[in-house]
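*Asks:* Can you read through this structure? Questions will come right after.
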Amino acid sequence: MSSSTTTPDARTLVAVALVSGSLLMIELALTRIFSVTMYYHFAFLAISIALFGLSASGVYVFVARERLGRRETAPLLATHAIAFALVTVLALAALVRIRVGLNYSPENLRLMLLIYTLAALPFLTGGAVIALAITRYARRVNQVYAADLIGAALACLALIPLLDAIGAPGAILAAAAAAAVAAILFSARLRGLRTVAAAVAILPLALQAATGVFDIRVTKGHATDRVLFSRWNSFSRVAVYERGHGDWSLSSTYRGPLPDTRFMDIDSAASTPIVRFTGDFAGVESLRYELTALAYRLRQATTGGGFDALVIGPGGGRDLLSALVFGARHVDGVEINPIIADDVMRGPFREFSGAIYEHPRVTIAVDDGRSFVRRSDAKYDVIQASLVDTWAATAAGAYTLSENSLYTVEAFTDYLDHLADDGMLTITRWVFDGLRLVSLAQEACARRGCDAAGQLAIVQQGRVATFLFKRTPFTDAEVRALRSIAGDLEFDVLYAPDQAATPDAVGIRAASAARHPSPPGSADYARLILARDRQTFYDTYPLDIRPTTDNRPFFFHTTRLRDQFDVAFGRHMLFGNGLSALMTLMAISGGLVVLFVFGPLALTGRTLLVTGWPRWLTYFSCLGAGFMLIEVSVLQQFVLLLGHPVYSLTVTLFSLLLGTGLGSYLSRSISDDRLGPALRLALAAIVGGAILSAWLLPALIDAVIHRPRALRIALAVALLVPAGAMMGVPLPAGVRLLATRHGELVPWAWGMNGALSVVGATLAVFIAMNWGFALTLVTGAAVYGAAFLLVPTR
């Protein structure tokens, strides 16, 4: 199929922008649906599916170039846009109804393949529209590519309000409608196609409004539960069910009544109880016997009460009530999810919860907990976080699986800085994953020149352990009080500062040891705290429990590099965790590269063997991989700067895509005779900028994080738009160079760009999990450096 030399009109460019924006909205909305219907790490699957479909579309256009070349451009683009809209609607109808288990079985494997195929179809058909437009307007590729990127950037702005208003299924239907509108624009003079496109745009939305047929009716773990409330936003689906919530850590000595609760969860995975409160603290007496309230009980026993507390992730109000029960003067709560704060706790469950979010001694901020602490001037006697994590994937976090900036060395330093002189940080975690908290405390103390052994205490009840970390060493009176409380409530003290100072003499079990068998790893808390050489302990321990940092914030990733293949594929689980999903997708993406290189050769024979074709395919492959390596790293680092996943998604992705689109558009001003040197200059600028960012960006974020949000957003835009502009030059410039030599290779090159984007996305997460985001950025720079070397010198 030969490239057209005509210039796309404004209607065509708007239609391309609509298709591109629709593709991005579907991709990000699918991360939300997969996180709810399956598990959080399946959200990463949506990213790979999108990139796979887009890359396959380029190969399809290339292989079918002779047949497609016989059709006029307008009806060709219009029919593919209609197919994109229709396939999206049909795929959504099926995807919200398919349920797949995690265990390996022929049935689950078939279901996963079905899910992958159905979800890939919209990206194959929609990507074909973009590939066809780029091919037909190759000489004006800068305009088409700019429309593609700017459309995606504008979709970032539209996605947040759409998810808030109509949820993820509704956002996908809106994207399908936008694709149908694009078909109408493509087919301005073709009445029949316009009528079909209008029907595809209107009917699914009308059907959804009338029947809710595209809603998710049953989520994982709640097949028989009555839903009392549910709502979507850009990074979660919050639901409340008519069932009680169990206790995490209630003492076996408590014999009284339990308060009524309602079960609230995020993406059907991370749960929190809404506790019924009438204003009478006698009705929540059981909270006095919870391990999660240990710091408050210890504070009351040693000082008589009267303290200020900060609760990170108050959820349904349980920890807020615990602080008030023990006499807190004032409690600040930082809830990241506005649905929980505004639509649940201040909405229909306000009366049920006793308006705890509006209690005169409680102040609630809707913000990221870490960012709130960094910007606060307050000092607290207790900072609490009880099982604060989310197995729900954010739209931005789908790239980065289960990173958590609450559990890093820098975060612990922030917490210590905001504790009163005798203040205490209390974190409750599952026993099996809490050991890394010790390494974080030790590193935070080491940076301050103190010994964590005198400032730590670990107490266990059942499957959970509460970690107490004081700003100053525990006094003898506090240690005696702690052991007395643990004995009275039959909790197990895994470590206290009065423990013997020899790692081999760990008297870690209380008298209740027979009642609570030790889970694997519980004895290791004391061994690590008392270890004479922490590094030796890290090197010899079977799991990676080295302290996580803002550069490598994967608190839940404890599998050593040498064991990752066995852990990912050695279990009887189907994509059983984030690591297995990542490793599987790395294998899939590697297979895609082989398929997309040799598949077209097998289908079309030796006619493709034009001079230099491997060099061109490698060049465009480097652009795809390099872009994703840099984008994933930047998305994660700007979460901390902007303070909320919504802002990171909207501002970061929008700015980067907008800048890339502007760079693409402006690249047309480069004359043909200057194209090669200008291209090499742009690539060199990208390499230098990425390396410089890996070095300077963390320090810059640390310097401005206390500033007002508007200023931080402005700074992010000012940094990302120029960076995106540089990254927007290499692809359209490369297409122009390729079109003058071998125009028939353009769609194949576009497909390889997409295939290596899959590789880049998975590789970025793999590198970040094991070595950090700084190295991910440097790797992206190296890949762009390889592209620099591949640019023809003549």
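The values are calculated or read from the model by the stated rules, or taken from the named source; none is laboratory data. All values reported here derive from a predicted model rather than from experimental measurement. As a convention, Cβ positions derive from the backbone with ideal geometry for all residues, glycine included, and neighbour counts pool all protein chains shown. Each accessible area value is taken on the protein alone, full model and side chains, heavy atoms only, with ligands, DNA and RNA left out. Shrake-Rupley method; radii C 1.70, N 1.55, O 1.52, S 1.80 Å.
*Asks:* Looking at region 706-722, is at least one residue buried (at least 22 other Cβ atoms within 10 Å of the Cβ), at pLDDT 85 or above and closer than 13 Å to residue 622 by Cα?
*Replies:* There is no residue in region 706-722 that is buried (at least 22 other Cβ atoms within 10 Å of the Cβ), at pLDDT 85 or above and closer than 13 Å to residue 622 by Cα.
*Asks:* May I pose another question? Restricting to region 9-47, and then to whatever is modelled with pLDDT under 85 and outside any helix (DSSP H, G or I), can you tell me which residue is farthest from residue 121 (Cα to Cα)?
*Replies:* 39
*Asks:* Would you be able to say whether some residue in region 180-191 is open to solvent by less than 50 Å² (accessible area, probe 1.4 Å), closer than 24 Å to residue 134 by Cβ and of a type outside the set (A, V, I, L, M)?
*Replies:* Yes, region 180-191 contains at least one residue that is open to solvent by less than 50 Å² (accessible area, probe 1.4 Å), closer than 24 Å to residue 134 by Cβ and of a type outside the set (A, V, I, L, M).
*Asks:* Take residue 653 and decide whether it is in a helix (DSSP H, G or I), open to solvent by less than 20 Å² (accessible area, probe 1.4 Å) and within 24 Å of residue 153 (Cβ to Cβ).
*Replies:* When the stated conditions are applied, residue 653 passes them.
*Asks:* Residues that are small (Gly, Ala, Ser) and over 21 Å from residue 687 (Cβ atoms): find the helices (runs of 4 or more DSSP H) completely inside region 723-794 holding 1 or more of those.
*Replies:* Answer list for region 723-794: 730-742, 746-771.
*Asks:* Sort out which residues of region 370-390 are touching a helix residue (DSSP H, G or I) at 6+ places or on another chain (Cβ under 6 Å) and not in a helix (DSSP H, G or I), and write them in order of number.
*Replies:* Passing the criteria: 382, 383, 384, 386.
*Asks:* So in region 143-169, with the set limited to residues that are touching a Leu at 6+ places or on another chain (Cβ under 7 Å) and over 25 Å from residue 666 (Cα atoms), which one is modelled with the lowest pLDDT?
*Replies:* 159
*Asks:* Quick one: how many residues across region 58-76 are assigned to a helix (DSSP H, G or I) and surrounded by fewer than 24 Cβ atoms within 10 Å (Cβ to Cβ)?
*Replies:* Number satisfying all stated conditions: 11.
*Asks:* Oh, and also: Quick one: is residue 79 within 25 Å of residue 751 (Cα to Cα) and open to solvent by 20 Å² or more (accessible area, probe 1.4 Å)?
*Replies:* Taking the combined requirement at face value, the residue satisfies it.
*Asks:* Which residues, taken from region 314-346, are under 20 Å from residue 238 (Cβ atoms) and open to solvent by 30 Å² or more (accessible area, probe 1.4 Å)?
*Replies:* 336, 338, 342, 343, 346
*Asks:* Quick check on region 291-313: of everything there that is among the polar types (S, T, N, Q) and surrounded by fewer than 21 Cβ atoms within 10 Å (Cβ to Cβ), which residue is nearest to residue 429 (Cα to Cα)?
*Replies:* Checked region 291-313; the qualifying residue nearest to residue 429 (Cα to Cα) is 300.
*Asks:* Looking at region 739-750 only, could you name the residues that are over 18 Å from residue 625 (Cβ atoms) and open to solvent by less than 10 Å² (accessible area, probe 1.4 Å)?
*Replies:* Residues satisfying the conditions are 745, 746, 747.
*Asks:* Go through 171, 155, 133 for me and flag whichever is open to solvent by less than 10 Å² (accessible area, probe 1.4 Å), touching a residue at least 40 places away in the same chain (Cβ under 8 Å) and over 22 Å from residue 234 (Cβ atoms).
*Replies:* Matching residue, one of 171, 155, 133: 133.
*Asks:* Continuing with the same structure: If we keep just the residues of region 241-280 that are β-branched (Val, Ile, Thr) and out of contact with any Pro (no Cβ under 6 Å at 6 or more places or on another chain), which is least open to solvent (accessible area, probe 1.4 Å)?
*Replies:* Among residues in region 241-280 that are β-branched (Val, Ile, Thr) and out of contact with any Pro (no Cβ under 6 Å at 6 or more places or on another chain), the one least open to solvent (accessible area, probe 1.4 Å) is 274.
*Asks:* Mind checking which strands (runs of 3 or more DSSP E) fall wholly inside region 179-278 and carry at least 1 residues that are touching a helix residue (DSSP H, G or I) at 6+ places or on another chain (Cβ under 6 Å) and either modelled with pLDDT under 90 or under 25 Å from residue 152 (Cα atoms) (or both)?
*Replies:* Fully inside region 179-278 and qualifying: 227-233, 236-241.
*Asks:* Taking the conditions exactly as written (under 19 Å from residue 197 (Cβ atoms) and under 22 Å from the mean Cα position of the chain (by Cα)), does residue 82 satisfy them or not?
*Replies:* No.
*Asks:* Same structure, new question: Out of region 323-363, which residues are among the small types (Gly, Ala, Ser) and over 25 Å from residue 404 (Cα atoms)?
*Replies:* 327, 328, 347, 353, 354, 355
*Asks:* Among the residues of region 451-482, which ones are free of Cβ contacts under 8 Å to residues at least 24 places away in the same chain and either out of contact with any helix residue (DSSP H, G or I) (no Cβ under 9 Å at 6 or more places or on another chain) or among the aromatic types (Phe, Trp, Tyr) (or both)?
*Replies:* Across region 451-482, the qualifying residues are 474, 476, 479, 480.
*Asks:* Assuming residue 379 fulfils every condition listed in (1) surrounded by 17 or more Cβ atoms within 10 Å (Cβ to Cβ); (2) more than 23 Å from the chain's Cα centre (by Cα) apart from one, which condition is it?
*Replies:* (1)
*Asks:* Here's something else I'd like to know. Regarding region 608-616, can at least one residue be identified that is within 20 Å of residue 758 (Cβ to Cβ), at pLDDT 85 or above and open to solvent by 10 Å² or more (accessible area, probe 1.4 Å)?
*Replies:* yes
*Asks:* I'm checking my understanding of the structure. Among residues of region 107-122 that are in contact with a Gly (Cβ under 9 Å, 6 or more places away or on another chain) and surrounded by 15 or more Cβ atoms within 10 Å (Cβ to Cβ), which one is modelled with the highest pLDDT?
*Replies:* 122
*Asks:* Given (1) out of contact with any Leu (no Cβ under 6 Å at 6 or more places or on another chain); (2) of a type outside the set (A, V, I, L, M); (3) open to solvent by 10 Å² or more (accessible area, probe 1.4 Å), where does residue 55 come up short, assuming only one miss?
*Replies:* In the conditions (1) out of contact with any Leu (no Cβ under 6 Å at 6 or more places or on another chain); (2) of a type outside the set (A, V, I, L, M); (3) open to solvent by 10 Å² or more (accessible area, probe 1.4 Å), residue 55 misses (3) alone.
*Asks:* Next question, about the same structure. Take residue 477 and tell me if it is modelled with pLDDT under 90, open to solvent by 20 Å² or more (accessible area, probe 1.4 Å), not in a loop (DSSP other than H, G, I, E, B) and not aromatic (Phe, Trp, Tyr).
*Replies:* no
*Asks:* Scan region 751-764 and report the pairs whose first residue is of a type in the set (D, E, K, R) and whose second residue is crowded, with 24+ Cβ neighbours inside 10 Å, with Cβ atoms within less than 9 Å and a gap of 6+ or a chain change.
*Replies:* Going by the 9 Å Cβ cut-off, there are no qualifying pairs.
*Asks:* Determine whether region 684-700 contains at least one residue that is of a type outside the set (A, V, I, L, M, F, W, C), farther than 22 Å from residue 729 by Cα and open to solvent by 60 Å² or more (accessible area, probe 1.4 Å).
*Replies:* yes
*Asks:* Output the residues belonging to region 132-168 that are of a type in the set (Phe, Trp, Tyr) and assigned to a helix (DSSP H, G or I).
*Replies:* Across region 132-168, the qualifying residue is only 145.
*Asks:* In region 84-106, which residue that is open to solvent by 40 Å² or more (accessible area, probe 1.4 Å) and at pLDDT 80 or above is farthest from residue 33 (Cα to Cα)?
*Replies:* Within region 84-106, the match that is farthest from residue 33 (Cα to Cα) is 86.
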